[in-house]
Amino acid sequence: MDALFNFISNSSFSSLQTHKITTSLPFRTSNSLQLSSKLKSLSPVSLKSPVLNNRVLDKRVLKCVSNDEGLETSSDDGVRRKNLAVFVSGGGSNFRAVHQATVKGDVHGRFVVLVTNKHDCGGANYARENGIPVIIYPGTKGEPEGLSSSELVVALSKYNIDYILLAGYLKLIPSELIRAYPNSILNIHPSLLPAFGGKGYYGTKVHKAVIASGARYSGPTIHFVDEHYDTGRILAQRIVPVLANDTVEELASRVLRQEHKMYAEVAAAICEERVFWREDGVPIIQSKANPNVFS
Ligand code: GRF
């Protein structure tokens with residue numbers, strides 16, 4: 001598997017190196033800087049944060065600065081700690097994995113609010129136990145306390161959110177929210193998109209379809225969110241083998257282990273402003289260890 005990963009990452013870097021990148025950009029961007037004569041790099045989201053430069057980030061020493069909301073850490077590169085929102089409908093194991101990475105300091109961000117359509121789901125209870133406010137969306141007969149789409153946008157605006165992470169949230173994200181947070185909403189899906197994605201592909205249905213198809217590889221995808229299910233730009237993927245005698249549960253659990261690792265790594269990258277947009281609209285991640293390497 002390692003050889004396969006190396007092959008894939010080396011191949012994608014080679015193709016990236018020959019890819020022409022210009023300044024004409026289809027997305028909202030905050031910063032741009034010249035990495036090489038061919039590469040323009042762009043931080044997609046935070047308008048307030050300074051540009052991430054080419055320094056190796058491993059050796060940064062975190063320091064504290066104060067703001068209105070109390071203490072907020074920023075790195076000596078001036079990268080501000082990011083405010084994260086998470087949307088869940090179920091157990092929230094991905095949310096827990098990324099939350100624990102924020103607590104350990106592996107992700108330079110903090111969860112400031114959780115949104116759910118099920119007030120007593122595992123993810124919501126975990127949030128409450130950790131002092132993270134919970135918002136119910138959408139309002140339904142079963143969830144009369146839930147907000148409307150426009151109320152949700154107003155409610156979230158109070159948290160100064162940099163990124164929204166969808167982690168097993170089963171409702172479609174309203175277009176008002178996508179417009180309010182352009183290129184700032186990520187989702188994790190348990191198959192290698194664009195295969196086995198779209199409406200109806202959720203939970204065990206995805207893994208069941210993968211096994212039935214005879215595919216020998218599966219794995220999670222993290223992508224930016226647009227107004228349709230599972231069609232936004234792909235940011236990261238991991239390959240997981242599908243074994244000949246796999247049950248749905250076995251495959252699901254193998255994929256989920258990779259989801260937890262990948263979501264924490266991608267959250268670290270967005271919080272450290274290591275996500276850049278290629279001219280053709282594909283988002284890529286700059287390696288932390290080697291800033292000249294992208295995947
Ligand atoms: C994960 O498999 C994720 O890919 C999908 O929903 C599931 C959520 O699981 N979008 P959990 O609630 O994070 O455990």
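Odds and ends about this structure:
- The residue that is most open to solvent (accessible area, probe 1.4 Å), counting only those in the stretch 194-209 that are more than 11 Å from the ligand (Cβ to nearest atom) and over 24 Å from A244 (Cβ atoms), is K199.
- The stretch 190-227, subset part of a strand (DSSP E or B) and free of Cβ contacts under 8 Å to residues at least 40 places away in the same chain, residue nearest to G281 (Cα to Cα): H223
Let's see how each residue does on (1) crowded, with 20+ Cβ neighbours inside 10 Å; (2) of a type in the set (D, E, K, R):
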{"site": "T221", "(1), (2)": "yes, no"}
{"site": "P241", "(1), (2)": "no, no"}
{"site": "V248", "(1), (2)": "no, no"}
{"site": "E279", "(1), (2)": "no, yes"}
{"site": "V282", "(1), (2)": "no, no"}
{"site": "K288", "(1), (2)": "no, yes"}
{"site": "F294", "(1), (2)": "yes, no"}
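- Leading residue by the ranking (farthest from H260 (Cα to Cα)) among those in the stretch 171-191 that are in contact with a helix residue (DSSP H, G or I) (Cβ under 9 Å, 6 or more places away or on another chain) and within 14 Å of the ligand (Cβ to nearest atom): I185
- Filtered residue count, the stretch 238-295, keeping only those that are within 16 Å of the ligand (Cβ to nearest atom) and aliphatic (A, V, I, L, M): 12
- Of all residues in the stretch 152-170, one or more are within 16 Å of the ligand (Cβ to nearest atom), surrounded by fewer than 17 Cβ atoms within 10 Å (Cβ to Cβ) and closer than 17 Å to V86 by Cβ.
- Which numbered condition K261 misses (of (1) under 25 Å from K208 (Cα atoms); (2) among the charged types (D, E, K, R); (3) surrounded by 19 or more Cβ atoms within 10 Å (Cβ to Cβ)): (3)
- Verdict on E227 being among the charged types (D, E, K, R) and on the phi > 0 side of the Ramachandran plot: no
- Only listed residue being within 16 Å of the ligand (Cβ to nearest atom), open to solvent by 20 Å² or more (accessible area, probe 1.4 Å) and touching a residue at least 40 places away in the same chain (Cβ under 8 Å), chosen from G90, G123, G105: G90
- The selection criterion, being open to solvent by 20 Å² or more (accessible area, probe 1.4 Å), farther than 17 Å from Y229 by Cα and of a type outside the set (G, A, S), does not hold for V98.
The values are calculated or read from the model by the stated rules, or taken from the named source; none is laboratory data. Remember, predicted model here, so these are calculated numbers, not experimental data. Every residue, glycine as well, gets a Cβ built from its backbone with ideal geometry; the counts of neighbours run over all protein chains shown. Side chains are part of the model used for accessible areas, which takes the heavy atoms of the whole protein and leaves out ligands, DNA and RNA. Shrake-Rupley method; radii C 1.70, N 1.55, O 1.52, S 1.80 Å.
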